[in-house]
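The values are calculated or read from the model by the stated rules, or taken from the named source; none is laboratory data. All figures in this text were calculated on a predicted structure; none of them were measured in a lab. Neighbour counts are summed over all protein chains in view; Cβ atoms, including those assigned to glycine, are modelled from backbone coordinates with ideal geometry. Side chains included, ligands, DNA and RNA excluded: accessible areas come from the protein's heavy atoms. Shrake-Rupley method; radii C 1.70, N 1.55, O 1.52, S 1.80 Å.
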Amino acid sequence: MSTNSICWNCQNIIPPNIFLCQKCNKIQPPKQVNEFRLLGISEKFDLDLEELEDAYLKLQQIYHPDKYSQLSEKEIKYSTLLSSMINEAYQKLNSSISRASVLLQLNGINSHSEDSSFNDSQVLEEIMEIQNEFLEAEDTEQKKISIQKLNSRITKTINDLSRSFKKKEYEIAKKLNIKLSYLEKIRVNFKKQL
């Protein structure tokens with residue numbers, strides 16, 4: 001949980017998730033805050049990606065290092081660190097897979113455990129079936145049809161993932177996120193082969 005901090009310049013109290021002192025207008029050292037809070041958006045799986053981008057661009061306008069290039073080394077350093085954190089948060093939340101991972105971690109679920117990615121034989125069979133169908137396709141048109149089917153499965157998995165987060169079924173969300181990760185990797189590989 002974020003707590004108040006003290007401005008390095010004027011000793012004013014700085015509330016959590018605020019990075020400019022309201023008294024002296026100096027940029028503050030970046031604080032550890034989750035990606036949603038950093039960008040000032042709701043902690044949920046179903047995000048409006050335009051709203052996400054707007055929040056990102058607004059923060060970059062405020063904290064971009066170019067804006068601080070004529071100020072002290074401390075302010076340049078803080079703006080560079082903060083800008084980097086904002087970029088990373090945007091990249092994570094812009095991807096369904098990494099956004100789900102962030103939400104799982106915020107809800108106490110380790111989304112990166114090694115054994116969980118391979119213990120669902122049904123998912124692995126489905127993945128193998130998808131790959132075989134693509135490999136057995138005799139021409140580009142059949143391969144495109146395979147990719148369309150894959151896209152439908154990805155959409156269905158994202159919808160299932162959304163429902164599991166709404167119901168707070170985090171273990172199910174974890175499995176669906178692993179499945180989505182596999183499906184997205186397959187899609188990238190298929191597109192390379194067209």
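Centre-to-centre, using Cα atoms only, segment 117-174 and segment 1-73 are separated by 37 Å.
Partner aspartates and glutamates whose Cα lies under 17 Å from the Cα of K77, excluding those fewer than 8 positions away in the same chain, are identified as D66, E88. Taking θ as phi - 60° and the Karplus parameters 6.51, -1.76 and 1.60, the scalar couplings of segment 18-23 work out to 10, 10, 10, 5, 6, 8 Hz in sequence order, x denoting glycine and proline. Applying the Karplus relation 6.51 cos²θ - 1.76 cosθ + 1.60 with θ = phi - 60° to segment 159-166 yields 3J(HN,Hα) values of 5, 5, 5, 4, 4, 5, 5, 4 Hz, where x marks Gly and Pro.
Beyond 21 Å, the tail of the calculated P(r) for segment 112-194 holds 33 percent of the Cα pairs. Rolling a 1.4 Å probe across the protein heavy atoms gives segment 128-194 an accessible surface of 64 Å² per residue. Computed from backbone phi with θ = phi - 60° and the Karplus coefficients 6.51, -1.76 and 1.60, the 3J(HN,Hα) list for segment 76-87 is 5, 4, 4, 5, 5, 5, 5, 4, 5, 4, 5, 4 Hz; x is used for glycine and proline.
Each Lys or Arg adds one and each Asp or Glu subtracts one; over the other residues with Cβ under 12 Å from the Cβ of Y56, this totals -4.
The share of accessible area on segment 1-115 that comes from carbon and sulfur is 47 percent, using a 1.4 angstrom probe. Checking the cross-link pairs K44/K174; K92/K166; K31/K179; K143/K192 against a 23 Å limit on the alpha carbon distance flags K31/K179 as lying beyond it. Near I14, the amide H atoms lying under 5 Å from its own belong to S5, I6, C7; only residues 5 or more places off or on other chains count, and H is placed 1.01 Å from N.
I want the local charge near K44. Using Cβ-Cβ distances under 12 Å, sum +1 for each Lys or Arg and -1 for each Asp or Glu among the other residues. The partial results should precede the final answer.
On the way: positive: R99, K166, K168; negative: E43, D46, D48, E51.
Value of the local net charge: -1.
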